[in-house]
Structures are given as C-alpha cells and as structure tokens.
C-alpha cells in the first residue's frame, strides 16, 4: 500500500468509528476511558520497554537533554495520564444536550442539540502524553481521532495506541475510534490533510513551523494555536504591590509556556515608582530586561530593546518593557505586536478595566490576575486540547465542549411553509 | 498595481476598518444600516442605470431568462433590500454581551464576551441583493466585509458599493468597512483567498464548482454550504394526511431551493396505503417520480430510479422515492446519500422521533414539519447569510450571532498561579 492509500484507509475507518462513538451513551464512553487508564497502569513495563527504544534512538541522534526528558515515560508520567483519563470521565458529557426550545409564531419548537464534530486529526510533536490526553478528550466528546505524533516518540505512541485500542474493544467501542498513524514519513501528514471527505477538523500542536505547514496544506478546517506574545499593562492607578506579584508570576513561574508574559507595558505616570523595585526582583530571579528608551532611563542597567524584541515570544527569562503614554498606546502596542493569545491589565478603576477588556482582541483578557491563568483547567473547562488563537469555532482554551458543535432540532405538528 | 497588490491593499484596509467597526456602539451601527437603506431608495435611478449596463451585457452574452431575471434590479427588489436593512437594524446586537460569570475556587470570575470575527470575505454569484444583505449582517455583527459578486453583476454591485460607502461615511463609520472588489478577473478571488493575514473567514455562496474552488485554494477558514439533498421519512405510524401535506410542501412549494425535498423514504408497512394518493397529487403538480423497485411495483407509472438518483440534488420537480424496511434503513440511506443539510421524519411516536433526531447527522432535523423550514428567518435567527453544512463554528442557518465569536474575560483581585 502506498502511504496515501494507508492514510485514506485509516481516515475511512475513523469515519465509520465516529458514527458508532457518536451514538455511545455517557456510561459507555466513561467505561472506555477508565479501561484505558487501567490498562496503562497494568502494562507499564510494556510501555516503558517501547519508550526505551525511542530513548535509545534519541540519544543516538543526540537530541537535547530537555527533549529527551519530555520523551521519557516514567511511572509518574503514566500515572498522570491515567489520572487525566479519570478526570475526563468525570466531566459532564455535552453530547445530546438540548438548548431550551423557542416556540415560533407557527408553533414550531426550535432548539439546538449538541453533537460531536466527527473525526478529528491531531498532529503534534514529542510528548507522548498528548496521545492519551487528546484521545480521552476526543472520545468524551463523541468523536473519533487520528493521531500523528513526532517521529522521535514513534514506538511509545504505537505502544499507547495498542493499549487504547484493546481497551476500546474490551468495552464495546470500535477499536479504530482512536488510531495513531503507523507511518513515520512526513508525507503521511500531507496525505492526512487531504482527507476532507472523512476528517472534520485538524488540530496542530507544536512549533510555528508545524502549524504553518498544516495551514498551508490542509483542505480540512484547522484550529491553530500560534505563539503567545502575552502582555501585562500596568495602569496609572494600579495597586503597584499587586502589579509586582502579577508580573513576577506571569514572567517567572513558568517562563517556557505560551501564557507567560513576554512584554510589560507601564503607564508613564507610575513607571518611575514601579520599575526599579520590579526590576530588582526580576534581577534576583535572573530575568533579563530589554527596555524602551524611557525604561532604560529609569533602569540604567537594562539592555536596550530592538524592534525585533516587541513581537518576540522568548519562552525564556527575558522580558521586553515599554513605558506608554496612556492606555490607548498600550492597546495599540498590543494590537500591533500581540498574538491574540492572553493580555492582562492591572488597575483599580473598573471603567478603565472595562475599556481594556473590550478593546483588546485576545482569546483571554484578564483584569488584576496573571496571564498564566489562560488554561482550560484554570478557567473551569476541565482538561484542554490546546489554546486556539483562531477566532473560528473556538477562541482560547478548548475543552470537551469545544470539540462538539450543534444541530437544530425542530418539533412540529404538521407545519408547512406558505412562502 | 497588480491584481494581487490591489487585493492585498483592500484586505489591509478592511482589517483597519474592522477594528473601528468592532468598537462602534449599537446605535452607530443601526444608524449606518438605516442610512444605507435610505440612500438606496434615494438613488434608485442611478442603481437602475448601472444595472441596465449589466442587463445589456447579459443579453449580448445570451444568458438564460431566469439568470437575467435574477440580475434585474426593479423598484420592488430595491425596496426589499432597504426593508431587509431595517430588519437587521432591529435585530439584537450580540457584540459585547457577557455570559453569566462563573467564580473559580480562587475567586477568579470567568465569563465569555461575544466579539466580532473581524474581516469576512464573501464570494457569490449573480444576485446583486446579496451585496446589500451580506453587508448589513456583517456590519451588525461588528465585522468588516469584502464582497466579490459575479462578473455578470459587476456594474450593479459597484453602484451599490458606492452607495454603501457614502452611507457609512455619512454616519461616521469607516467607508472601507464594506468593499466590493473592483476586479472582474477570477485571479482576484484567488488572491483574496491568500490574505490570511487580514481576513478571518471566507463564505462562498453559489454552485458546487465555486465552493470547491474556494475550499481548494483558501488559506483562510471557509464556511461552506454544499448542496441540499434533503429527505423526508414517513414512519410506520405516521399520520398519513399530515405526511402528504408535508411532502407536498417540501417538494412543490419551491423546488429550486436547497431545503426542498429531493428523496422520499417510506416505511414498507404504510407504502401501499400512502404512495398512490401521494403520487396522484404529485402528478397533478407535474412532479416526476423516480422510484426503487418496490415503489415501481406500487406505482406502475413511476420511472425506475438509477444509482445516480439517490445522491442527486434535482432542484426541480423530480423526486426519488424509496420504500425502506425500517427506520434504521432510512437512517442508513440518509447517512450514505444525504448532504448533512435537512432531514424530516413524520411520526406519531415520540420515542421513534427522538431516535431519528439523535441519529441523523444533519444541520436541521425536523419532526412533523416541512424541510422548507431550514431557513434563518423561519427558525428565529432573523436574516441569514447562508446555511452551513460544515460542522465547524456554525452548522445550519447562520444569522448575526454566527458572524461573531467569544473571548474569555477574567476579573481577579491579584490572583497568581501557584503551579
């Protein structure tokens, strides 16, 4: 079989499986999720043996230590996967729920029923835990899923796929509701992106290169998550102690993630008071500051920011800092350099907070809280499958609800249309 | 300027305009809509003179009479456009509305705010009224719009664009919030589909060829409306008088539209009783029946359906008829040949109705009502911009709400994230 034929066969099987999963009861789906969790914990030695093959290859290929770390499946990682599946089983099942009916003047009762999307393709890099997390969420929402992980995790992902398939069959679900593509060649991704007849949605998770490749080549709708160039804006009347705590948390607590702060904007009227203490605290934590001219005047030890710094996602202990004339300049800066991901304002003025919230065009806008809260779990969605920076279908963290859609359901008593 | 440069300039201007429109108040947007309506009725002679140029060309090119009819802008067509704008002005403005806040255990208050999508590109054929209808709905939802009509309506659309632009400027909105592409060459469409930096959504309205071209070439998300192969299923315990009224309406009242019935499925236990009377009534209305073998046994005068009939969208007084063993066979037939558009069941049994409604994967599923009700106005959405048969973002008729999305808005009191 050519790669294209293989992928087409996988996609067609997924479509069939999707029809069956869509009809499963909540209990059936939850039993399957729990069974996957059980089997993972029963077969840890098998999974770790397969994972070891990937690790050996990774060392041969001299991957960086952090990459090898992310690849490694230890007992605790496997336990976290299993726990995650139990959490997803406890989430409310959105499928089949009906919105309140509205009665039309002719007596028709119109409501919307939540339904699965169908077949979801997920293309991701390195971490094998995505295989299990994504499969769990997609199943809970009544979908079938086709997974394509990074080639460096090939054996680990295939091992997990085998376990998931057996667990599905044990509990009466179609085994092919979760498939991991057994082809390492990149042309398999390309072939998957052309299966618009069978696949309803593609979610790429990974670096910008991967996402651009997917967007360029997909005939299937893509929910993308580009970079997070997140801003915190300190307003004129901010509580400066609170501002310091929020900025420190947003930059330092976990600098390598997409919802960490990359640029700090400070109203000119508080800059002299706020920046020196803030900078001292950042300095102790090893944060390098790259400032505008006014920032560098106030903080002579800061490095000077270049044009390339403003749109940069450092994912590191580096922070761009700009002093702005007023809130409108802050909003303009965010519109020009931001990535529609996460922005926060610190202010005591409700009206000004409301203005910021309305005008900033980002998936999550926070008032007096850290950007780090842009996360499905933190915002109450349960587990998430990623954070969408596209506006179509879902904007922001995507939970189980965002993996569904709605259809109209209309109850009549023989109504016909006159015109 | 090359076509590509022209389109890029238009798209960039639309993006700027979108930011301004998103910030407009409901009153400002409604004033603009009403002003467009006024100016259309003030300038009817100008519009009709420009429309005449298109009509002359259409006659030269020997377009069919129905096509010329659809192109023609008469006083009543213009009045209907103006009335439509006033209707849209009366719709509730979704932009800025907040969902009820949910408080997280750490005190964060999380809600979702409805926001415009941004820039919407609409690619359509012939009827110039789409220019005004689409512009009105997009504006109401706070979006900028780029319109590309059929080349046969070029002068009419440019005339309407001029009027809309002046009306926007009269009322303080950016004139470029509504732009009609002033290039007839098809490469303009191709160029528009590549402006993913500036355009958030593409909606194609027209034949399958146009929609396929758009899906093949777009880097921007597409909400597509493929064909409507709509089914009515007459269940074993249907009220057969009601069934006859519904089927007659669904097929005959307006056969050329996407929500007209194309295939009738009849439970074998009522086929002998139902089909002869139904066929008589269809025959009087000039409907040609193409039946399965069982249908042809019951109705010897019917033509025999071929394989190609089942997935066919006739848009004409032709009906495919199949007698099915049971409801599951009907559901299977719909899954195999349907287009996820509109399906109806006639039954007196609530449980069986519920089963059909859950299992049929269509944007609108009706019980005891005509398929002709799949329409934004009929279902209570107000005006519609089309009927989506894609599941992402919107499935079914799209009103003003479906031209928006949501962002998360989070209010805190200094919360930071611990882990």
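The values are calculated or read from the model by the stated rules, or taken from the named source; none is laboratory data. Bear in mind that the values here come from a model prediction, so they are computed numbers and not experimental data. Glycine also receives a Cβ, built like all others from the backbone with ideal geometry; neighbour counts cover every protein chain displayed.
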Inset, instruction - Within segment A:210-220, identify whether any single residue is in a loop (DSSP other than H, G, I, E, B), surrounded by 16 or more Cβ atoms within 10 Å (Cβ to Cβ) and free of Cβ contacts under 8 Å to residues at least 40 places away in the same chain, and answer yes or no. - result: yes
Legend entry - Unique residue being assigned by TED's automatic domain parsing to the domain that holds residue A:51, more than 21 Å from the chain's Cα centre (by Cα), more than 14 Å from residue A:401 (Cβ to Cβ) and surrounded by 18 or more Cβ atoms within 10 Å (Cβ to Cβ) when the list is A:73, A:139: A:73
Inset, instruction - Would you check if residue B:189 is in contact (Cβ under 8 Å) with a residue 40 or more places away in the chain, within 14 Å of chain A (Cβ to nearest Cβ), part of a helix (DSSP H, G or I) and over 22 Å from residue B:259 (Cα atoms)? - result: no
Legend entry - Of the criteria (1) outside any loop (DSSP other than H, G, I, E, B); (2) modelled with pLDDT under 95, which one residue B:54 fails: (2)
Legend entry - Which numbered condition residue A:198 fails, given (1) away from chain B (no Cβ under 14 Å); (2) at negative phi; (3) surrounded by fewer than 24 Cβ atoms within 10 Å (Cβ to Cβ); (4) at pLDDT 95 or above: (1)
Legend entry - Flag if residue A:207 is out of contact with any helix residue (DSSP H, G or I) (no Cβ under 7 Å at 6 or more places or on another chain), more than 19 Å from residue A:13 (Cα to Cα) and at pLDDT below 90: yes
Legend entry - Matching residues in segment A:224-233 - criterion: being within 13 Å of another protein chain (Cβ to nearest Cβ) and assigned to a loop (DSSP other than H, G, I, E, B): A:224, A:226
Inset, instruction - Pick out the one residue from B:69, B:87 that is free of Cβ contacts under 8 Å to residues at least 60 places away in the same chain, under 21 Å from residue B:160 (Cβ atoms), out of contact with any helix residue (DSSP H, G or I) (no Cβ under 7 Å at 6 or more places or on another chain) and not in a strand (DSSP E or B). - result: B:69
Inset, instruction - Quickly run through segment A:289-308 and pick out the residues that are free of Cβ contacts under 8 Å to residues at least 24 places away in the same chain and not in a loop (DSSP other than H, G, I, E, B). - result: A:293, A:296, A:297, A:303, A:304, A:307, A:308
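Against the condition under 26 Å from residue B:207 (Cβ atoms), out of contact with any strand residue (DSSP E or B) (no Cβ under 7 Å at 6 or more places or on another chain) and either free of Cβ contacts under 8 Å to residues at least 60 places away in the same chain or crowded, with 22+ Cβ neighbours inside 10 Å (or both), how does residue B:129 come out, does it pass?
In short, yes.
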Legend entry - Enumeration of residues in segment B:317-340 that are loosely packed, with under 15 Cβ neighbours inside 10 Å and either touching a helix residue (DSSP H, G or I) at 6+ places or on another chain (Cβ under 7 Å) or within 12 Å of another protein chain (Cβ to nearest Cβ) (or both): B:325, B:328, B:332, B:335, B:336
Legend entry - Members of segment A:149-158 that are crowded, with 24+ Cβ neighbours inside 10 Å and under 21 Å from residue A:9 (Cα atoms): A:149, A:157
Legend entry - Qualifying residues in segment B:350-375 (those that are in a loop (DSSP other than H, G, I, E, B) and in contact with a helix residue (DSSP H, G or I) (Cβ under 9 Å, 6 or more places away or on another chain)) - the one nearest to the other protein chains (Cβ to nearest Cβ): B:370
Legend entry - Checklist (1) crowded, with 18+ Cβ neighbours inside 10 Å; (2) within 11 Å of chain A (Cβ to nearest Cβ); (3) part of a loop (DSSP other than H, G, I, E, B) applied to residue B:314, failing item: (2)
Legend entry - Criterion violated by residue A:386 - all others in (1) modelled with pLDDT under 95; (2) within 12 Å of another protein chain (Cβ to nearest Cβ) satisfied: (2)
Inset, instruction - Kindly check whether there is at least one residue in segment A:398-407 that is assigned to a helix (DSSP H, G or I), under 30 Å from residue A:241 (Cα atoms), more than 9 Å from chain B (Cβ to nearest Cβ) and at pLDDT 95 or above. - result: no
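Within segment A:166-182, how many residues turn out to be under 21 Å from residue A:53 (Cα atoms) and buried (at least 19 other Cβ atoms within 10 Å of the Cβ)?
3
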Inset, instruction - From B:204, B:174, grab the single residue that is closer than 15 Å to residue B:119 by Cβ and assigned by TED's automatic domain parsing to the domain that holds residue B:14. - result: B:174
Legend entry - Top-ranked residue in segment A:113-136 [being within 14 Å of another protein chain (Cβ to nearest Cβ) and part of a loop (DSSP other than H, G, I, E, B); ranked as nearest to the chain's Cα centre (by Cα)]: A:117
Inset, instruction - State whether the residues of segment A:235-243 include one that is at the interface with chain B (Cβ under 10 Å from one of its Cβ atoms), at pLDDT 95 or above and touching a helix residue (DSSP H, G or I) at 6+ places or on another chain (Cβ under 7 Å). - result: yes
Inset, instruction - Filter segment B:92-112 down to residues that are more than 7 Å from chain A (Cβ to nearest Cβ) and either in contact with a helix residue (DSSP H, G or I) (Cβ under 7 Å, 6 or more places away or on another chain) or not in a strand (DSSP E or B) (or both), then give me how many there are. - result: 11
Inset, instruction - Return only the number of the condition from (1) out of contact with any helix residue (DSSP H, G or I) (no Cβ under 9 Å at 6 or more places or on another chain); (2) over 30 Å from residue B:222 (Cα atoms); (3) without any contact (Cβ under 8 Å) to a residue 12 or more places away in the chain that residue A:378 does not satisfy. - result: (1)
Inset, instruction - Would you check if residue A:240 is crowded, with 22+ Cβ neighbours inside 10 Å and in the same structural domain as residue A:356 (by TED's automatic domain parsing)? - result: no
Inset, instruction - Within segment A:29-39, identify whether any single residue is within 25 Å of residue B:334 (Cβ to Cβ) and within 27 Å of the chain's Cα centre (by Cα), and answer yes or no. - result: yes
Inset, instruction - Pick out the one residue from A:236, A:250, A:243 that is in contact with a strand residue (DSSP E or B) (Cβ under 6 Å, 6 or more places away or on another chain), under 30 Å from residue A:203 (Cβ atoms) and not in a strand (DSSP E or B). - result: A:250
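Do the conditions hold for residue B:343, that is, is it within 11 Å of another protein chain (Cβ to nearest Cβ), in a strand (DSSP E or B) and over 19 Å from the mean Cα position of the chain (by Cα)? Explain how you work it out, then say what you get.
Details: within 11 Å of another protein chain (Cβ to nearest Cβ): yes; in a strand (DSSP E or B): yes; over 19 Å from the mean Cα position of the chain (by Cα): no.
Answer is no for this residue.
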